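Working notes for the structure below.
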Amino acid sequence: MDRAPGLSVRSKLTLSYAGFLMVAGVLLLAAVWLFLLRYVPDRALIVSADTPTHGVFPIRSNLLRVFAPRAAAVLAFLLVLGLVGGWILAGRMLAPLTRITDAARTAGNRSLSHRIHMQGRQDEFRELSDAFDSMLEQLESHVAEQQRFAANASHELRTPLAISRTLLDVARKDPTRDRGELIERLYVVNARAIDLTEALLLLSHGDRADLTLTRGSVDLSLLAEEAAETLLPLAEQRRITLDVTGGPTRTDGSAELLLRMVTNLVQNAVVHNLPTGGSVTVHTEEHGDTSLLRVENTGPRLPPELVPTLTEPFRRGADRVRTDEHAGAGLGLAIVHSIVRAHAGTLDLAPGPAGGLLVTVRLPGGR
């Protein structure tokens, strides 16, 4: 893009300094004229011999003839001093801005690790520098997270495709293989790939504030009952007790996303539980202007340092990895976190005192 011709900020500041200095000089000379020279007589005075006053009495024309060249020289000196001093002062004042500009160019070249770390007093440039460093830090973290997410997503999507290719290669080399079994296994692998793709799409768009899905008043207790009814066969298969308690709990938001949130929480609680004889409790209640949803399950003890990382995409604890049909891709709680943020809520995870996980969702109360 072509730049429009014009003076630099340093040149403008220099001219401003010089201009102010010249104006001050002119005003000073004008004050000398108004309050001194105008009272000097314009013609010689005749003093009698008896007057005790002695000395020379200059006239105004002589003073002006002597004063004018000196005044012009002083104004010229002030102009040069204003230009030179203004250029130096402007350079010193704009030096921090130059550092910030260099840092911006460095960041534009994909080097987000650079920081300004400006020292000195807390002035406007220091505040701008600190804000720019904070922005670079957040941007670097966001880019690293996106790169990690893209790499993990590519890895997860490659797995079902590799399995499908292996099954097809085996079928091609062994024409006598049971095609019904092959079709069934391909169907399962393809379903997993579709579910994973939908989860990735939901995770990438779920935390946007401008969701295009329909929003309205939603009762979390009804969503909890619907999710529990859907996952009851899975819970019975694992001999896990699934209970839903609490009363009507309303909030404003997308019914589709909130149902996905509750379903993911309940499914996560069922899957990551005791091998048999475990329990899952889903509780909803209104607490003032806040709507609460709690999902608590039994299970193995979780290390405290592991719990905060469970909402990261593709993050699985070593004790929470499953190898059955509900192993998942480590996106369940990440999607929940994304949906909660989209609804201006908070998500809290805490290890249970006897094992398992306690998940608490706080959303703004509805109408």
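The values are calculated or read from the model by the stated rules, or taken from the named source; none is laboratory data. As the structure is a computational prediction, the values presented were derived from the model and not from experiment. Virtual Cβ from ideal backbone geometry, glycine too; neighbours counted across all protein chains shown. Each accessible area value is taken on the protein alone, full model and side chains, heavy atoms only, with ligands, DNA and RNA left out. Shrake-Rupley method; radii C 1.70, N 1.55, O 1.52, S 1.80 Å.
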note = In segment 258-293, anything open to solvent by 10 Å² or more (accessible area, probe 1.4 Å), of a type in the set (Val, Ile, Thr) and either part of a helix (DSSP H, G or I) or modelled with pLDDT under 90 (or both) is listed as Thr263, Thr276
key: The lone exception for Gln267 - which of (1) at positive phi; (2) touching a helix residue (DSSP H, G or I) at 6+ places or on another chain (Cβ under 8 Å); (3) of a type outside the set (A, V, I, L, M, F, W, C) it fails   = (1)
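Being of a type outside the set (Asp, Glu), modelled with pLDDT of 75 or more, outside any helix (DSSP H, G or I) and within 28 Å of Leu128 (Cα to Cα), is that true of even one residue in segment 4-16? Break it down stepwise before answering.
Filtering segment 4-16 for residues of a type outside the set (Asp, Glu) gives 4-16.
Keeping just the survivors that are modelled with pLDDT of 75 or more gives 7-16.
Still in the list and also outside any helix (DSSP H, G or I): 7-8.
Restricting the remaining residues to those that are within 28 Å of Leu128 (Cα to Cα) gives 7-8.
For segment 4-16, residues of a type outside the set (Asp, Glu), modelled with pLDDT of 75 or more, outside any helix (DSSP H, G or I) and within 28 Å of Leu128 (Cα to Cα): present.
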note = Going through segment 294-306 in order, the residues found to be within 15 Å of Val361 (Cα to Cα) and either part of a loop (DSSP other than H, G, I, E, B) or out of contact with any Gly (no Cβ under 7 Å at 6 or more places or on another chain) (or both) are Arg294, Val295
request  = Please verify whether segment 60-76 includes one or more residues that are open to solvent by 80 Å² or more (accessible area, probe 1.4 Å), under 18 Å from Met22 (Cβ atoms) and of a type in the set (D, E, K, R).
outcome  = yes
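With Asn190, Asn152 as the choices, which residue is at pLDDT 75 or above and surrounded by 11 or more Cβ atoms within 10 Å (Cβ to Cβ)? Even if it seems obvious, please write down each step before you answer.
Working: Asn152 fails: at pLDDT 75 or above.
Checking each option against the conditions leaves just Asn190.
Just name the residue that is farthest from the chain's Cα centre (by Cα) out of those in segment 235-257 that are outside any helix (DSSP H, G or I) and charged (D, E, K, R). So that I can check it myself, show each step before the final result.
To start, the set of residues in segment 235-257 that are outside any helix (DSSP H, G or I) comprises 238-254.
Imposing the further condition that a residue be charged (D, E, K, R) reduces the set to 238-239, 243, 250, 252.
Values: Arg238: 42, Arg239: 44, Asp243: 39, Arg250: 30, Asp252: 25 Å.
So the residue we want is Arg239.
Here are Val340, Val359: which of them is at pLDDT 85 or above, surrounded by 13 or more Cβ atoms within 10 Å (Cβ to Cβ), under 18 Å from Ser254 (Cβ atoms) and not charged (D, E, K, R)? Steps first, please.
Working: Val359 fails: under 18 Å from Ser254 (Cβ atoms).
Result of the check over Val340, Val359: Val340.
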request  = Considering each residue of segment 263-305, count those that are among the charged types (D, E, K, R) and touching a Ser or Thr at 6+ places or on another chain (Cβ under 8 Å), and give that number.
outcome  = 4
message = Criterion first (within 23 Å of the chain's Cα centre (by Cα) and open to solvent by less than 80 Å² (accessible area, probe 1.4 Å)) does Thr106 satisfy it?
response = yes
note = Pairs returned, first residue in segment 236-258 that is over 20 Å from Ser279 (Cα atoms), second residue that is open to solvent by 70 Å² or more (accessible area, probe 1.4 Å) and polar (S, T, N, Q), beta-carbon separation under 7 angstrom, 6 or more apart or interchain, are Ser254/Thr214
request  = Can you confirm whether segment 327-336 contains a residue that is at pLDDT below 85, over 21 Å from Arg192 (Cβ atoms), open to solvent by less than 60 Å² (accessible area, probe 1.4 Å) and not in a helix (DSSP H, G or I)?
outcome  = no
ask   = Are any of the residues in segment 38-50 modelled with pLDDT of 80 or more, hydroxyl-bearing (Ser, Thr, Tyr) and open to solvent by 50 Å² or more (accessible area, probe 1.4 Å)?
value = no
query = Can you tell me which residues in segment 113-124 are in contact (Cβ under 8 Å) with a residue 12 or more places away in the chain and open to solvent by 60 Å² or more (accessible area, probe 1.4 Å)?
reply = Ser113, His114, His117
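Return the residues of segment 218-234 that are closer than 16 Å to Glu286 by Cα and assigned to a helix (DSSP H, G or I); say none if nothing qualifies. Explain how you work it out, then say what you get.
Initially, segment 218-234 is screened for residues closer than 16 Å to Glu286 by Cα, giving 218-224.
Matches in segment 218-234: Leu220, Ser221, Leu222, Leu223, Ala224.
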ask   = Is at least one residue of segment 86-103 within 30 Å of Gln119 (Cα to Cα) and in contact with a His (Cβ under 7 Å, 6 or more places away or on another chain)?
value = yes
remark   = Checked segment 79-112 for anything over 19 Å from Ser129 (Cβ atoms) and touching a residue at least 60 places away in the same chain (Cβ under 8 Å); matches are Leu79, Leu81, Gly82, Leu83, Gly85, Gly86, Trp87, Leu89
